[in-house]
Structure formats: structure tokens, C-alpha cells
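What follows is one structure encoded as C-alpha cells, with my remarks underneath.
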Amino acid sequence: MPSATFDLGAVPFNPDGWGPLESTADDSNVPFAPFSRSDKLGRIADWTRNFNNPTRSKNPADSAFDFTSDASFPSFADDDSSFRLVDGKPPPRPKFGPKWRFQRQLQLPQRRDEEVEAKKREAEKERARRDRHYQNRSNPSNHRRELFKSSVDIQPEWNMHDQIPFSTFTKLSFTVSEPEDLLLCGAVESYDRSHDRIAPKNERRLERFKNRNFFKVTTTDDPVIRRLANEDKATVFATDAILSTLMCAPRSVYSWDIVVQRVGNKLFFDKRDGSQLDLLSVHETSQEPLPEAKDDINSAHSLSVEASYINQNFSQQVLIRDGKKVTFDEPNPFANEGEEVASVGYRYRRWKLDNDMYLVARCEVHSVVDVNNQRSFLTLNALNEFDPKYSGVDWRQKLETQRGAVLATELKNNANKLAKWTAQALLASADMMKLGYVSRIHPRDHFNHVILAVVGYKPKDFASQINLNPTNMWGIVKSIVDLCMKLNEGKYVLVKDPSKPQVRIYEVPPDAFENDYVEEPIPEEEQVQPNADGADDADGVEASAASTNDGEDKKVEGQA
């Protein structure tokens, strides 16, 4: 079989020089696109272009290769007009990132949808936060007060006598003379100064004191006050907790109520069983709202119960518990014989309000310390941190280096509580008030706590620091006493409006609040325990019920 040959054709050769030979062929049918030296050629040939695609961006450099309108190629135009692609859409292009990222996202469409939803939720939260911030700037108090209801249910048969706005309280002023001690009762233990050296780096676990009883007895159930009333020692009778509530009323946001009994020419300020005055408020004056659900561990009610137990345990842990106590004139008037009670001393003091009007109040001191061979009385209270996200300040990081910033934040978020503690220390003439900084071990564990620091302040200096004026405090008390003394004999109630800065006075039936149902905290055994390390330890705070006896032996056992 003969082998196939390939004809290369004639190859022109120029023996006289370089370059091609002069051609005599007819080149009239060869297409030619004129161009200048300033034109930019994008490419020599473009085999992928499609001039029929309307979405394709026009490149001026491609005009040199556009022969679709050239008459030299009539068949090309005909073929192009009759040709149709099955799918003329351009291939999808990734919006960001290299190709491998785009391919991985295509393999996980469900994950991409979850991320989109998460971004939407974050955007909603941010928008809600901005709206809340705008509302706070326009009216900082409205959104807080809408969350709370009145501390006592106003009955239709109650008759409102007066309504006093808080704006009138700020203008009042009254000066009282130094008080007179009528009687001292109870026994107190010495303060352990080693707690002053506690720091976040060497924090100390908060212990539980199940066997010590704490008493929250109202005015008319106090046997000593009854005895002093029978002896006509004064005209007005109250306790330091009730007086401090009245003195610091302009700083309050939550609703509270005080029962007023006019008996003859005497006036008794009482609290109801299970009143909010027995609990400590948390984040009352803060701009960040707390969860509304009552069973949430960060709700206002749950935090109040937790703060009250922390305060009781702290006041007993910082003492020297060696059995040595400083006793006063009479034993604790509310304790039974052989009963273990908390370290507390009651000072029954009398102030002169007018020529023939005196006020007697039961004031509390929690500890004693010897300074230069002189006995000094102390009050012990604890601030508690539950979640740094709400306050914006992490105590474990700021207490050592920026203690002033931590205190300033607490003064902003708990202005009423700190003012009431200061007022009680001033009423008892305490030489020092100790403030403890107690925090949760974990933000979701409301049973176990640690002490991060203990700081002492002189009550008068601290009062001036927080702008608490004693003359204004007594001016508020004097105005309310004068107003109540003009009422007829009977029972009345002062109620702080839950939504407005004002207090109302209602006349109530004589048997009002006699058979109130007192809602007690759920015992710790019935509560859901957190899954945290150390939950089975002997430290922390245990929530227990408050038990109440009738008559003179009425007591509240805070098994905290």
C-alpha cells in the first residue's frame, strides 16, 4: 500500500533580502479594520465573546474585532442570526471570597440559612437596643415603671385623702437635735478585720448560716415600743427601716407601702406582713430593664430575695464567732430562751420634732469594734453582682484598679438602696458602715457566692458623697408626720405610685391587712439546682422560707 504524502505547497523564498516577496495576488476580499497607534488592543482574538448578550458590558477595545457588520462576511451574519443557545444565562459569580468558599457554602445551604437568621436576630436586638436607648434619653423613667405594679392592691372602698408629688419633698428641710438613747437591747459580736484584706485574687466563699434567726418585726408588734408608748415616752413610733424608706422616698422607683395607725394622740408607722420593706431591691434605679418573668433568676423579685439572703449571711460571716459578745441592757426582745440569734443590737432612740412631739425609733447595729480603746458600732451590708452584662462593669476586673468606678455604677443602679443603708447608719449613729461586694460564682448560679472585697465608710462622709442631706431627710419625715396627725383616728396606708413619682394616702378599714396571704420563697430543696461545680459544698446562699409567729414573739427566720 503506498504511503500517504502531504503536500506542503510552494514556500516563497527571497534570495535578495529579508521579508516576503512582492505578491501579485488579489487581496481585496481580506477583511481589514483600520486603527491608530493610540488604540488599545485588548486581545489578538476573542473566541468566547457573544455580542448578542445584552447584559455583557461593552469594551471599547473589542470594537477592532467586531466583524458582524462587515459586508465581507455575509454568511457569518446569517449563521449568527439563526443560531440560538440552549442556556444563555452567564455562569453565577461569587459575591465575595475565593471559589472554594463559594463551593463550600453551596454544599451547606442549611448552615447558610441559619447564619442569615442569626444575623437578622442580631439586627433586631441592635435595633431594639437603639430604640430603648432613645427612649431612655427622652424619658429615662417611663419604661422602668411600666414593668411594675402597686405593692398593695388598692381596694375600691378605700378613700384617698391626699396625693403628694416627690417634687415637693426636695424642697423640705428640718433640723433635729441629737437623739437620746432610751434603751439598748440584744448582743453583738466583734468585727473580723481580716475581711478588709479580701481582694478578687483571694476571694472568699460566702457561708450559710442556717441556725441563726433574723427578725423583721414591725412597730406595733415590738414589746419594747409598746412599753414605751404606754409610758408616754413619745408621740410617733417607727423603725429605722420605715423611716429610711420615707427619708429616701424621692429616690425610689419600685412601689412600696407603709401602714399608718392613728391611736388617740399617738401615731404608729407599720409595715405589712411580707412587705417589700423586708427585701432589698436590686437594679431599682438602673436604665436597663430586668426580665419580667417572675421565675427568672434575674427578675426583680428573685434578685430581691437573693440579695436579702446574701446580706444576712454576709453580716454574720465577717464577725469573730468565738462566743464572745457585747451585751446590752436587755436581751433580744424577739428571741426565745436558748435560741441562737443573729448578731444585732437594737437602739431605741428618741428625737424631738416639736415642743410637745417626740419620735421614737428602733435602730439596728450589727457589730462592734474597738478603736483606740473606744467602742465603735458598725452596720454591715452587702452589694451583690448577678450578671456583669446588666451593669457593664465586671467586679473581678475592676475592683482592685477602679473601685471608684464600681461604686459609681452601683450608685447609679441602686441609688435608693444605698441611700437607705446610709440613712439607717445615721439614725443608729453608727461610727462605720461596711459595704461588702459579693458576686455569684457563675452568672447562672444564684445559690453560690464569693466575697470579693469589703470597704468601710463613715456614714456622714458617705452621705455627703451620695448627696444625701440629713436636714432634707428629716424635713420629709416631719411633713408626713404633720399631715398624718391631722387625720382622724383610724388606719391609713401610704402607697408609692408604681408609675409616677408620688405617694398617696388612703383610709382603709380597721381590719385591713389582718389576714393577708404572705407569699414565701420556695425552699431550696424544691428548687432546681444549677449544674455548677461546688453546688454541693457547704458554702453559698440557701433560700428558705420566713416563719412568722403572732404577737410579741413574732419573728422572721431567714435561714439564708
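The values are calculated or read from the model by the stated rules, or taken from the named source; none is laboratory data. Predicted model, so just to flag it, every value in this text is computed and none were measured. For neighbour counting, all protein chains shown are included, and Cβ atoms are generated from backbone atoms with ideal geometry for every residue, glycine included. These accessible areas exclude ligands, DNA and RNA; they are computed on the full protein's heavy atoms, side chains included. Shrake-Rupley method; radii C 1.70, N 1.55, O 1.52, S 1.80 Å.
Please list, in chain and number order, the residues 5+ apart from Ser367 or on another chain whose amide H is under 5 Å from its amide H, with Hs placed from the backbone.
Distant-sequence amide H within range of Ser367: Leu378.
With every protein chain left in place, what is the accessible area per residue of the range 299-430 in square angstrom, probe 1.4 Å?
Counting only protein heavy atoms, the per-residue value for the range 299-430 is 39 Å².
Return the equivalent ellipsoid semi-axes of the range 290-391 as a descending list in whole Å, where each equals the square root of 5 times an eigenvalue of the C-alpha gyration tensor.
32, 21, 16
Provide the per-residue ³J(HN,Hα) series for the range 353-365, in order, calculated from phi with Karplus coefficients 6.51, -1.76, 1.60 and θ = phi - 60°, each as a whole number of Hz, with x at glycine and proline positions.
After applying 6.51 cos²θ - 1.76 cosθ + 1.60, I find 9, 7, 4, 10, 10, 10, 10, 10, 9, 8, 10, 10, 10 Hz.
Just the ratio, please: alpha-carbon radius of gyration of the range 175-222 over 2.2 N^0.38 Å, N its number of residues. Could you put the intermediate results ahead of the total?
Working: Rg = 17.8 Å, N = 48, 2.2 N^0.38 = 9.6 Å.
With N residues counted in the range 175-222, Rg over 2.2 N^0.38 Å equals 1.86.
Assuming R0 = 45 Å, can you tell me the calculated FRET efficiency for the pair Arg193 and Asn469, based on Cβ-Cβ distance, to the nearest 0.05?
The value I calculate is 0.90.
For the range 159-287, which whole-number percentage of the solvent-accessible area (1.4 Å probe, protein heavy atoms only) is attributable to carbon and sulfur atoms?
45 percent
When only alpha-carbon atoms are used, what values of Rg and Dmax, in angstrom, describe the range 198-252?
That works out to 18.3, 55 Å for Rg and Dmax.
Please list, ordered by chain and number, the residues whose modelled amide H lies under 5 Å from the amide H of Leu183; skip anything fewer than 5 residues away on the same chain.
So Leu183 has HN proximity to Tyr348.
Would you mind checking the pairs Lys271/Lys496; Lys266/Lys496; Lys210/Lys420; Lys266/Lys486 and listing those with alpha carbons more than 18 angstrom apart? Provide the component values of the computation, followed by the final result.
Details: Lys271/Lys496 13 Å; Lys266/Lys496 23 Å; Lys210/Lys420 26 Å; Lys266/Lys486 12 Å.
Violating the 18 Å limit, Cα to Cα: Lys266/Lys496; Lys210/Lys420.
Take the cross-link list Lys171/Lys352; Lys233/Lys491; Lys171/Lys500; Lys119/Lys389; Lys233/Lys324 and give me the ones stretching past 29 Å between alpha-carbons. Present the calculation step by step, with values, prior to reporting the outcome.
Values: Lys171/Lys352 21 Å; Lys233/Lys491 22 Å; Lys171/Lys500 18 Å; Lys119/Lys389 21 Å; Lys233/Lys324 33 Å.
Where the Cα-Cα span goes over 29 Å, the pairs concerned are Lys233/Lys324.
Output the Kirkwood hydrodynamic radius of the range 455-519, Cα pairs only, in Å rounded to one decimal. Before the final figure, lay out the partial values.
Working: mean 1/r = 0.0656 Å⁻¹.
About 15.2 Å, per the Kirkwood formula over Cα pairs.
Through the Karplus equation 6.51 cos²θ - 1.76 cosθ + 1.60, θ set to phi - 60°, convert the phi angles of the range 219-231 into ³J(HN,Hα) values in whole Hz; use x for Gly and Pro.
So the Karplus estimates, Gly and Pro as x, are 5, 6, 8, 7, x, 5, 5, 4, 5, 5, 5, 5, 8 Hz.
Through the Karplus equation 6.51 cos²θ - 1.76 cosθ + 1.60, θ set to phi - 60°, convert the phi angles of the range 413-422 into ³J(HN,Hα) values in whole Hz; use x for Gly and Pro.
Computed from phi, the couplings for the range 413-422 are 8, 9, 5, 5, 5, 5, 5, 5, 4, 5 Hz.
Once amide H atoms are built 1.01 Å from N in the peptide plane, which residues 5 or more positions from Ala453, or in another chain, come under 5 Å H to H?
Sorted by chain and number, the residues that satisfy this are Tyr437.
Going by accessible area, probe 1.4 Å, with all protein chains left in place, what is the ranking of Tyr348, Tyr358, largest first?
Tyr358, Tyr348
If you stretched the chain out fully between Lys398 and Lys500, how much longer would it get, using 0.36 nm times the residue separation minus the C-alpha to C-alpha distance?
Answer, rounded to one decimal: 33.2 nm.
Between Asp16 and Val116, take the C-beta separation as r, use R0 = 56 Å, and let me know the FRET efficiency to the nearest 0.05. Mind showing how you got there, number by number?
Details: r = 76 Å, r/R0 = 1.36.
Here the calculated transfer efficiency is 0.15.
I'd like the trypsin sites (Lys or Arg not before Pro) in the range 255-301 restricted to DSSP loop residues with at most 14 other Cβ atoms within 10 Å, sorted by number.
Sparse-neighbourhood loop trypsin sites (Lys or Arg not before Pro): Lys294.
Give the dimensionless ratio obtained when the Cα radius of gyration of the range 395-463 is divided by 2.2 N^0.38 Å.
Output field value: 1.21.
Net charge near Ala405: determine it from the other residues with C-beta under 14 Å of the C-beta of Ala405, scoring Lys and Arg +1 and Asp and Glu -1.
With Lys, Arg at +1 and Asp, Glu at -1, the net is 0.
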